[in-house]
1. Suppose the chain between K316 and Q40 were pulled fully straight at 0.36 nm per residue; how much longer would it get relative to their current alpha carbon spacing?
2. Pop out the ³J(HN,Hα) list for the stretch 307-322 in order, Karplus 6.51 cos²θ - 1.76 cosθ + 1.60 with θ = phi - 60°, rounded to Hz; leave Gly and Pro as x.
3. With unit charges on the beta carbons (Lys and Arg positive, Asp and Glu negative) and the dipole taken about the Cα centre of the chain, which residue among G364, V93, G270 sits farthest to the positive side?
4. Using a simple spin-label model with points 7 Å from Cα along the Cα→Cβ vector, what separation in nm is obtained for A456 and R327?
5. How large is the charge dipole for the chain, taken about the Cα centre, if only the Cβ atoms of Lys, Arg (+1) and Asp, Glu (-1) carry charge, to the nearest 20 debye?
6. Just check the stretch 110-251 against the gyration tensor rule for me: Cα atoms, a ≥ b ≥ c as the square roots of the eigenvalues, rounded for a/c under 1.5, and otherwise prolate or oblate depending on whether a/b exceeds b/c.
7. Quick test of your reading: applying the under-4.7 Å Cβ rule, which cysteines of the chain are isolated?
8. Helix-only estimate, please: 222 nm mean residue ellipticity of the chain, summing -39500 (n - 2.57) across DSSP H runs of length 4 or more and dividing by its residues, to the nearest 500.
Amino acid sequence: MFKSLLFSLTSLLIFFPAKHISSQLFPLPNFPSLLYSGTQGEWTLLHASIGISAMHMQLLHNNKVIIFDRTDFGRSNLSLPGGRCRYDPTDTVLQNDCTAHSVLYDIGTNQYRPLTVQTDTWCSSGAVLPDGTLVQTGGFNDGDRVVRTFSPCIDDSCDWIEFPNYLSQRRWYATNQILPDGRVIVVGGRRQFSYEFYPRNPPAPFSSSNSQSFNLRFLLETRDYDENNLYPFVHLLPDGNLFIFANTRSILFDYKQNRLIREFPQIDGGDPRNYPSTGSSVLLPLDENSRGGVVEAEIMVCGGAPRASYGQAVVKLFARALSTCGRLVVGHADPSWLMEDMPLPRVMGDMLILPTGDVIIINGAESGTAGWELGRDPVTRPIIYRPSSQIGQRYSIMAASPRPRMYHSSAILLTDGRVMVGGSNPHVYYNFTDVMYPTDLSLESFSPPYLLAEYAAVRPIILAIKETLGYGESFKVSFRVSEYLSSSMVSVRIILPSFTTHSFAMNQRMVVMKMQGVYHEASDTYTVVGVGPSTAEIAPPGYYLLFVVHAGIPSSGMWVKIG
């Protein structure tokens, strides 16, 4: 099969001879749609139970994943070692608890160890600092003003460190975004129409008090269910401003001056896309090879539930989820939403950028909303969306998982290009019997079609790379590939791994690096020369996964530090 695919690809190379070719002269063809034809990916069970339900997940630069749940439902199914316990007199369920509510999962060994979190992390948020430390903010009850940090270590000594009352406001269902200067902005939360920063900063010029919190009227105006605007979609744009989407409306916001720059048209249809009508959003890949040197930012919002679905679901009327996706180019003079229909409706779906630049939409339900017992008809088949394909050819339906992933599930991209999925607990407590969708403590991975063995011959293997990339500086990546097709089919991309919870991958971004050339070194070895991100607004400082993509097939990711 591979030989016939290779012949088909090679026949397209008449105008792409195998020598140094500038990618600026020859835009990369959209090969993934050809290579993935007739394949649906594969699912693998990693663990039947890790003892906790994966409500929140973050990949760290030591190839470990930090996973955690809430603490206020009672005991988990994983004991803390060495007689450790958490004593919390304000816990609403269990004050003395000797079970874990967080684990650290090792990708390489497929093992995990329990971690100790003291305060309630229910529906909290997070981001990774430039030094690789996870900063995790807010939660419920005694955790709503807490900041927690986790710094990766080479042994098993690292654990959560907590800073009570660090936040100026309660931050429950807030959103975090890493900024160009390495700070984190924390936006919104339940009945919180404001934002603040980590680390704390001196009062801004526009503040009339010493408060660390700054009002954001847009969140007040767009509140919906129960006077809330929960987990707004926040994306850092190449101009340094923020795109903020809440329910149906979105704005371009200057957080430095607390100034609304412009408001975009409402998304078509008038249906909300944020919790509990939980859709998802992604900033599509930023391409530094764009003509004229202008990096275009485009936002995509998919799925959700029709207006009033939450109230209907409470009385057991489960409305069909939304099947629409909208794309908005934020830099256009007169921007408007381009709407498309997904093959399947979906609420509570996660959207992740794959190394190819495609977007996978995974998890969720066809009916109902987010919330306790309010979703129905699980969608177990992921969809892969190809932004650069023609309309009508962008979606592919993947293989089904045997496990429903409903409310409080999550998904992240792994170093090798797999997608790890965990969680699902649509109940107030862990409940495994006599319920429609039992609490799920398992971890599984989905391997997209590009990981099939039949593409091994065109899959690049990175041999050497500079571990730190400066802004605007040239760099080299040495790689090996058995069947090299053309330099025009080679690109280098970096991905900032996301903090994922409640169907939103916070901080996620891909940058397609500017290419200077690809050179044949010896035998099956090649060197690609690229240029580091042009600004910290395009790629905030921190640890990224770097992928070489050849003929639509990505390498495994290698960690590089930007800035």
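1. Between K316 and Q40, full extension yields 96.0 nm more.
2. Karplus values, whole Hz, x for Gly and Pro: 4, 6, 5, 4, x, 5, 5, 4, 9, 6, 10, 9, 6, 5, 5, 6.
3. My answer, from the dipole projection, is G270.
4. Rounded to a tenth, the inter-label distance reads 3.5 nm.
5. Dipole size: approximately 420 debye.
6. Prolate.
7. Singleton cysteines: C123.
8. Helix contribution divided over all residues of the chain: -1000 deg cm²/dmol.
Values in this text are rule-based calculations from the coordinates and carry no lab data. Given the structure is predicted, the values throughout are model-derived calculations rather than measurements. Ideal geometry is used to build each Cβ from the backbone, glycine not excepted, and the neighbour counts take in all protein chains shown.
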